[in-house]
1. Considering region 65-77 alone, what residues qualify as being touching a Leu at 6+ places or on another chain (Cβ under 9 Å) and within 20 Å of residue 5 (Cβ to Cβ)?
2. Name the pairs: first residue in region 190-211 and farther than 15 Å from residue 179 by Cβ and assigned to a loop (DSSP other than H, G, I, E, B), second residue acidic (Asp, Glu) and open to solvent by 50 Å² or more (accessible area, probe 1.4 Å), Cβ to Cβ under 8 Å, at least 6 apart or on different chains?
3. Just to be sure I understand the filter: pairs with C-beta atoms under 7 Å, separated by 6 or more residues or on different chains, first member in region 128-154 and over 14 Å from residue 197 (Cα atoms) and open to solvent by less than 30 Å² (accessible area, probe 1.4 Å), second member modelled with pLDDT of 95 or more and among the acidic types (Asp, Glu). Which pairs pass?
4. Which numbered condition trips up residue 342, out of (1) at pLDDT 95 or above; (2) touching a strand residue (DSSP E or B) at 6+ places or on another chain (Cβ under 8 Å); (3) surrounded by 19 or more Cβ atoms within 10 Å (Cβ to Cβ)?
5. Mind listing whichever residues of region 239-264 are under 10 Å from residue 577 (Cα atoms) and out of contact with any Pro (no Cβ under 7 Å at 6 or more places or on another chain)?
6. I'm trying to understand the selection: among the residues of region 34-64, which are over 18 Å from residue 7 (Cα atoms) and assigned to a strand (DSSP E or B)?
7. What's the total number of residues in region 168-215 that are farther than 22 Å from residue 85 by Cα and open to solvent by less than 80 Å² (accessible area, probe 1.4 Å)?
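The values are calculated or read from the model by the stated rules, or taken from the named source; none is laboratory data. Note that the structure is a prediction, hence the values are computed from the model and not measured. Please note: Cβ atoms are built from the backbone with ideal geometry, for glycine as well, and neighbour counts cover all protein chains shown. In case anyone asks, the SASA skips ligands and DNA or RNA and just uses the protein heavy atoms, side chains included. Shrake-Rupley method; radii C 1.70, N 1.55, O 1.52, S 1.80 Å.
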Amino acid sequence: MSKPIEDYALVGDRHTAALISRAGSVDWMCLPNFDSPACFAALLGDDSHGRWLLAPTEVTETTRSYVEGTVVLQTIHTTASGRVRVTDVMPAEDNRADLIRRIEGLEGTVNMRHEWIVRLGYGKTVPWVRHVADDSDYGGKHALVAVAGPDRFVLRGPRLPAPNDERHVDEFDVGEGETHVFCMAWSPSYTPIPEPLHIEDFIEQAIDESRDWLEDCRPGGNYADAITRSLLVLRTLTHAETGGIVAAPTTSLPEDLGGERNWDYRFCWLRDAALTVEALLSWGFSKRSALWRDWLLRAAAGDPSELQIMYTVDGSREMSERELDHLPGYEGSTPVRVGNAAVGQRQSDVLGELMNALEMLRKEGVEEFDDSWELQRLLLEGLAEDWREKDRGLWEMRGDAHYFTHSRVMIWVALDRGLAAIRDHGLEGPEEYWAELRDRVREEVMTYGFNEEINSFVQHYETEEVDASLLLLPTVGFIEADDPRFVGTVDRIERDLLRDGLVLRYRATAGDDGLAGDEHPFLICCFWLVTAYALMGRTKQAVELFDRLLALRNDVGLLAEEYDVEAGRQMGNFPQAFSHLGLVQAAAVLHDVVGETYGSEQQDAGREAAEEGSSD
């Protein structure tokens, strides 16, 4: 059976990542990049689809945590005969990818099981594996080399697993004070076998480099650890060289168990990149934001009519969707997809997200990229030509196109931020024309996107349904949070979209998204409700909901896309950048509204002071 999604922890080198279960099994890993085919794909099948297990043969207790300020994972296994600590880390190194797994005997003697099952092509292809002489400082005299096509995997260690029915297996004892280090390295098969790394140096380097990056961040309050962990997740999901942030390192973890809502998230959405810039700026990372900003501008460059909603990590445009019939899927959820057909959709909110992030950078004093304003002008000119077209909305509806209210609001945002660039920063542009068009868009939204009979904004102009993206209207400055029309919208969302107090994106059963089945509360939408509550002065509810959401994280602070309130488990691709973005941004708003004293239990006095004069 598949392990619960929250059973996994993330390690990565900012080119790719691995998911490691509490049981010590690497069940998902794509090499050498986030969107490369997986060589360990047990997450979407079983052991035969590839995994790397290092764990005691019998365990009584397992605890794990990250080394503070890093994504270096440490797992302590306790058995009847002793304890061991396994440290997992992926150091960054040019043109290769390494996963280091160090076992330390802490107490007594522990019998360990080692399984190395490499399956290329998402668990389909069995490689050619052979022993080669390798006199390294890992304690062994040989290395295992697995090759198939352009990929090579080299396993080094003090003792190597032996072949056993198309897999490699070993059992050995680790005594107190003993250390065993294993390292798997990827490299192109047509290049020389990579030299072994000096393990201790690279572990310390990974720790120092991660902590150095956090130097600019000073989150306060009781939520500092949660904020820091989410920022590190966002960084780990960002390609170190290109600056593209993947939505998640996985594909096809289901939103609806057994259903068809299984998508490949190993690509870079313009929206996610823009929101990441905003999240970083909210916690003091203006000096560190250039990598994400530059990816945004490179990806968006070109004919405005050809702007995509997502790209590969290097900015490429091709990601055709196909199904992998050889994988049974997570808990039988099929199809397993690679690629994403939503790439061809029109989503009119994207330019608004881009322009909002770039305006925030200007306010922080970050200099414009070469010719970046000319590119923004070009994109806005394209928007001025096609702003009347319908789109598929923020949620990538696979049904009919509509005038989605959130999308129309973000068109207003794009024009508004373009005007701010002219008026506040002295940049050149057609101020009068953009101002007139911005006002026309606003009038349209207020006429057709707000329904006076139900006193609520609506999902799109042809429905009375609501959707959670409407919670963002005051955040982007379209309407004040205490405006009766927004208050009515929140009331409607609470009535229609709450499931056990958590927020659905929309009512999937309304049938507008073109897909069968249902889905669960969407975690970023829950964080949007936290933000809305805080801006409305309902700070007690904001903090209570935020505390509840933090409690949904797994033991190492990670969040998937959705949460199944009935089964009490996380659902969807994991870990999800969108969810962690929501956490960071909601925490920033709480910080601004309530101050350093915000947080649960100990901070009642601070909340009560902030709520004085406000109404729940």
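1. Just the residues of region 65-77 that are touching a Leu at 6+ places or on another chain (Cβ under 9 Å), to begin with: 65-67, 69-71, 73, 76.
Within region 65-77, 65, 66, 71, 73 meet the criteria.
2. Close Cβ pairs (under 8 Å, with a partner that is acidic (Asp, Glu) and open to solvent by 50 Å² or more (accessible area, probe 1.4 Å)) amount to 196/137; 197/93.
3. Note: no pairs meet the criteria.
4. The number of the failed condition is (1).
5. Of region 239-264, the ones under 10 Å from residue 577 (Cα atoms) are 245-249.
245, 246, 247, 249 - these are the residues of region 239-264 that are under 10 Å from residue 577 (Cα atoms) and out of contact with any Pro (no Cβ under 7 Å at 6 or more places or on another chain).
6. Matches in region 34-64: 38, 39.
7. Result for region 168-215: 11.
Per-residue answers, yes or no, for (1) touching a residue at least 60 places away in the same chain (Cβ under 8 Å); (2) closer than 29 Å to residue 337 by Cβ; (3) surrounded by 24 or more Cβ atoms within 10 Å (Cβ to Cβ):
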{"residue": "530", "(1), (2), (3)": "yes, no, yes"}
{"residue": "542", "(1), (2), (3)": "no, no, yes"}
{"residue": "548", "(1), (2), (3)": "no, no, no"}
{"residue": "557", "(1), (2), (3)": "yes, yes, no"}
{"residue": "560", "(1), (2), (3)": "yes, yes, yes"}
{"residue": "569", "(1), (2), (3)": "yes, yes, no"}
{"residue": "577", "(1), (2), (3)": "yes, yes, yes"}
